[in-house]
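Notes to accompany the following structure.
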Amino acid sequence: MRIVERELARAPQDTDVRAWRARVMTWSGHLAEAEKEYLEILKVSRNDPDDWMGLASVYLREGRIEDSLRAQDRAVELDPKRADLRAARARALRAAGERNEARMEFQKALNLDPTSMEARAGLISVRGEPKHEMRFGQDNDLFNFTSANHDGWVSLVSQWTPHWATSFAGSFYERAGIRAGKFSGAITGRLPRWGALTVGGAAGHDNAVIPKSEAFFDVIHGWKASETTRWNLFTDNIGTGIRRPGF
């Protein structure tokens, strides 16, 4: 930083030196000072896409997504053939949750520069997550004093939106030659601030092997990165209760 300040003292009106200073302040985390410097530069020179991109990066780090996108739009408008500007705009769109637009922008960057590793990595990062997931399994327990126990299950989890998901499952049991089965379903709502709430139930042909019916809810809310509060309500043919597992 001392070198930058020395150069700026020699040429206080040199916008290239001032832009260099703004970039150093951005890298060092002095975002307010960097924003002020870029805005002062843009009062003098409004046609350098690098200055607009620098201001956009400051806004993005400050969480000002809309301001960042406006600055990125101006940078791309000044030089639409630069792959790095397209990739930077795609990052801002990704941060705004506009995955489809970000995917198109990363693709434009890759078309302009087929060697761009940033564009390739960006395209991978905005791939859509699978909406439906089906799983199935089976457990077999063998004994030398009685017949074997067999369990089987199949489940389908569907993530309809980032905030809502459903799950359905069928489970089958065989104990000492007696067969039973149940069907369960649940719905989960998620909000970044409040966590996740799941509510569901199950019913089936019990044959005195499994509960006749079940009702449950599950609340997950993170207090710290490594801690979660979790409560389960369970109902079966014996009774109803609440349990809180230890961390």
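The values are calculated or read from the model by the stated rules, or taken from the named source; none is laboratory data. Bear in mind that the values here come from a model prediction, so they are computed numbers and not experimental data. Ideal geometry is used to build each Cβ from the backbone, glycine not excepted, and the neighbour counts take in all protein chains shown.
Remarks
- Applying the criterion of being within 25 Å of the chain's Cα centre (by Cα) and either not assigned by TED's automatic domain parsing to the domain that holds Glu98 or not in a helix (DSSP H, G or I) (or both) to the residues of region 62-85, the residue that is nearest to Trp27 (Cα to Cα) is Glu62.
Conditions (1) under 21 Å from Ser125 (Cβ atoms); (2) assigned by TED's automatic domain parsing to the domain that holds Val17; (3) of a type in the set (Phe, Trp, Tyr); (4) in a helix (DSSP H, G or I), marked per residue:
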| residue | (1), (2), (3), (4) |
| --- | --- |
| Tyr59 | yes, yes, yes, yes |
| Glu101 | yes, yes, no, yes |
| Glu105 | yes, yes, no, yes |
| Pro114 | yes, yes, no, no |
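Every residue, every condition in (1) over 39 Å from the mean Cα position of the chain (by Cα); (2) part of a strand (DSSP E or B); (3) of a type in the set (A, V, I, L, M), yes or no:
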{"site": "Met134", "(1), (2), (3)": "no, yes, yes"}
{"site": "Phe143", "(1), (2), (3)": "yes, no, no"}
{"site": "Thr146", "(1), (2), (3)": "yes, no, no"}
{"site": "Trp153", "(1), (2), (3)": "no, yes, no"}
{"site": "Val157", "(1), (2), (3)": "no, yes, yes"}
{"site": "Thr166", "(1), (2), (3)": "no, yes, no"}
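- Selected residue (criterion: farthest from the chain's Cα centre (by Cα)) from residues of region 168-219 that are more than 25 Å from Asn149 (Cβ to Cβ) and outside any strand (DSSP E or B): Trp194
- Test: residue in region 151-164 that is assigned by TED's automatic domain parsing to the domain that holds Ala202, surrounded by 16 or more Cβ atoms within 10 Å (Cβ to Cβ) and within 20 Å of Ala203 (Cα to Cα): yes
- Output for region 28-81, where each listed residue is crowded, with 16+ Cβ neighbours inside 10 Å and of a type in the set (S, T, N, Q): Ser57, Ser68, Gln72
- Only one of the numbered conditions (1) modelled with pLDDT of 90 or more; (2) exposed (fewer than 14 other Cβ atoms within 10 Å of the Cβ) is violated by Lys182, and that is (2).
- Scanning region 29-57 for residues that are part of a helix (DSSP H, G or I) and among the hydroxyl-bearing types (Ser, Thr, Tyr) turns up Tyr38, Ser57.
- In region 9-40, the residue that is nearest to Met53 (Cα to Cα) out of those that are aromatic (Phe, Trp, Tyr) and at pLDDT 80 or above is Tyr38.
- Just one residue in the set Asp79, Asp151, Asp141 is within 18 Å of Asp50 (Cα to Cα) and of a type outside the set (Lys, Arg); that residue is Asp79.
- Failed criterion for Glu174 (all others in (1) under 30 Å from Gly97 (Cβ atoms); (2) touching a His at 6+ places or on another chain (Cβ under 8 Å); (3) modelled with pLDDT under 90 hold): (1)
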